[in-house]
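Peer 1: Handing you this structure, nothing more for now.
The values are calculated or read from the model by the stated rules, or taken from the named source; none is laboratory data. Note that the structure is predicted; figures quoted are calculated from it, not measured. Because the Cβ atoms are built from the backbone with ideal geometry, glycine has one as well, and the counts that use them run over all protein chains shown.
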Amino acid sequence: MISTEGLGRAYGETWALHDFSLRVAAGEILGLLGPNGAGKSTTVKILTGLLRPTVGRATIAGFDIVGQPLEAKQRLGYVPEQPVLYETLTASEFLEVISALHHLDPAAAAARRDELLDLLGLGGVRHQRLSAFSKGMKQKVVLAAALIHRPEVLILDEPLDGLDANSARVVKELLRNLASQGRAILFCSHILDVVERVCTRIVVIDKGRQIAAGSPADIAAATESASLDEAFAKLTGVRDAGLISGDILRALDR
C-alpha cells in the first residue's frame, strides 16, 4: 500500500535521504522513528507529493506519487506535523470544503462529516469558528479531514500532538480499527512509548538511512536493550538518559 524503492533526496550536495526502501502493507501500522534531521520529514514530504525525489520511486496504493499524483492522493489521508486551517470557517464548513475537494457526494459527505465530528468529541462545537478552537481541537479537525474520504492509506506526522489523554486514547483505538479494516498507516512520532503501543512494526532511520527495522521487541533484543527507548538511544548515538538527567541536575545546582 505504501512502497518506496531506492528513494533518495539531495539538497545541493547534501543527501537528506539515501537509498531508502520501505513497505507498509494493508492492515499494518508502521512507526517511522529517527532523531531530528534523520530524514523522516523528507520521506513524508515525498510520499505526500510535496517534494520530488532526486532518485528512486514511491507509490501509494500502487500509484506512483510523481507520475500519477492525482490517483495517489485520492487514496491518501495526511495529517501534517504543522497543519494549517482556514480559521474563519467553522469545523463543519472546513470539512465541507475538504469533501468538495475530494468530489464526494454532498449528502454522503455530510453524514460522514457528522460521524467523524461526533466520534472525535466535536459534535457540540461543529458550528463554532476554528479560530476559537484549542490546539487539540484543531488537531481533531485535521484528523477528520484526513479521514473524510475513507482513504486506503494514512500518513500521520505527530497525530496526537495537543490531544488530552482521553482524546489520544480514542484516536489510538480508531487507528487500530482502521488497520483492522485493511488500511495501511505510516505513523511518525517522537513519543517512543506511544509508537511502541500503537505500531505493529517500526523502522528507525538516521542520517537519511535505515538503521533498524522490526517489532519493538526485536529491535530491543538486537541492541541488547531493555526497552525501545534504550535501543533508540544506542542506535542513534544519543547519550544515556540517566547521564543527561544528571547533567541537568548539576546545571540547576550551579
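Peer 1: Quick check on my filter: what residues within region 198-227 are among the polar types (S, T, N, Q) and out of contact with any strand residue (DSSP E or B) (no Cβ under 8 Å at 6 or more places or on another chain)?
Peer 2: Within region 198-227, the subset among the polar types (S, T, N, Q) is 200, 210, 215, 223, 225, 227.
Answer for region 198-227, where residues must be among the polar types (S, T, N, Q) and out of contact with any strand residue (DSSP E or B) (no Cβ under 8 Å at 6 or more places or on another chain): Ser225, Ser227.
Peer 1: Enumerate the helices (runs of 4 or more DSSP H) found wholly within region 116-204, keeping only those where 3 or more residues are outside the structural domain of Gly49 (by TED's automatic domain parsing) and surrounded by 21 or more Cβ atoms within 10 Å (Cβ to Cβ). Please lay out each step first, then the result.
Peer 2: Working: elements: 135-147, 165-180, 192-198.
Once the helices (runs of 4 or more DSSP H) in region 116-204 are filtered for at least 3 residues that are outside the structural domain of Gly49 (by TED's automatic domain parsing) and surrounded by 21 or more Cβ atoms within 10 Å (Cβ to Cβ), what remains is 135-147.
Peer 1: Between a residue in region 212-235 that is aromatic (Phe, Trp, Tyr) and any residue that is part of a helix (DSSP H, G or I), which pairs come within a Cβ distance under 7 Å, given they are 6 or more apart or on different chains?
Peer 2: Pairs that qualify, where the first residue is aromatic (Phe, Trp, Tyr) and the partner is part of a helix (DSSP H, G or I), are Phe232/Leu192.
Peer 1: Moving on. What is the residue count in region 159-187 for residues that are under 13 Å from Gly31 (Cβ atoms) and either without any contact (Cβ under 8 Å) to a residue 60 or more places away in the chain or touching a His at 6+ places or on another chain (Cβ under 7 Å) (or both)?
Peer 2: Number of matching residues: 2.
Peer 1: In addition: Tell me yes or no: at least one residue of region 23-35 is closer than 11 Å to Gly208 by Cβ and either buried (at least 19 other Cβ atoms within 10 Å of the Cβ) or modelled with pLDDT of 95 or more (or both). Before you say what the answer is, go through the steps one by one.
Peer 2: Of the residues in region 23-35, the ones closer than 11 Å to Gly208 by Cβ are 34.
Now drop any that are not either buried (at least 19 other Cβ atoms within 10 Å of the Cβ) or modelled with pLDDT of 95 or more (or both), which leaves 34.
Checked against the condition, which is being closer than 11 Å to Gly208 by Cβ and either buried (at least 19 other Cβ atoms within 10 Å of the Cβ) or modelled with pLDDT of 95 or more (or both), region 23-35 yields at least one hit.
Peer 1: I've got another one for you. For region 38-61: of the residues being in contact (Cβ under 8 Å) with a residue 60 or more places away in the chain and in a loop (DSSP other than H, G, I, E, B), which is surrounded by the fewest Cβ atoms within 10 Å (Cβ to Cβ)? First the steps, then the outcome.
Peer 2: So the first thing to find is which residues in region 38-61 are in contact (Cβ under 8 Å) with a residue 60 or more places away in the chain, and the list is 38-44, 47-48, 60-61.
Checking which are in a loop (DSSP other than H, G, I, E, B) leaves us with 38-39, 48, 61.
Values: Ala38: 21, Gly39: 25, Thr48: 20, Ala61: 17.
Applying the filter and picking the extreme gives Ala61.
Peer 1: What tally of residues in region 3-15 results from selecting those that are surrounded by fewer than 19 Cβ atoms within 10 Å (Cβ to Cβ) and assigned to a strand (DSSP E or B)? Walk me through how you get there before you give the answer.
Peer 2: First pass over region 3-15, keeping only residues surrounded by fewer than 19 Cβ atoms within 10 Å (Cβ to Cβ): 5-6, 10-15.
Narrowing the set further to residues that are assigned to a strand (DSSP E or B) leaves 5-6, 10-11, 14-15.
Summing the residues that are surrounded by fewer than 19 Cβ atoms within 10 Å (Cβ to Cβ) and assigned to a strand (DSSP E or B) in region 3-15 gives 6.
Peer 1: Farther than 23 Å from Leu163 by Cα and crowded, with 19+ Cβ neighbours inside 10 Å - does that describe any residue in region 81-100?
Peer 2: yes
Peer 1: Is it the case, given these coordinates, that Val97 is farther than 29 Å from Leu30 by Cα, in contact (Cβ under 8 Å) with a residue 24 or more places away in the chain and not polar (S, T, N, Q)? Write out each step before concluding.
Peer 2: On the way: farther than 29 Å from Leu30 by Cα: yes; in contact (Cβ under 8 Å) with a residue 24 or more places away in the chain: no; not polar (S, T, N, Q): yes.
No, not satisfied.
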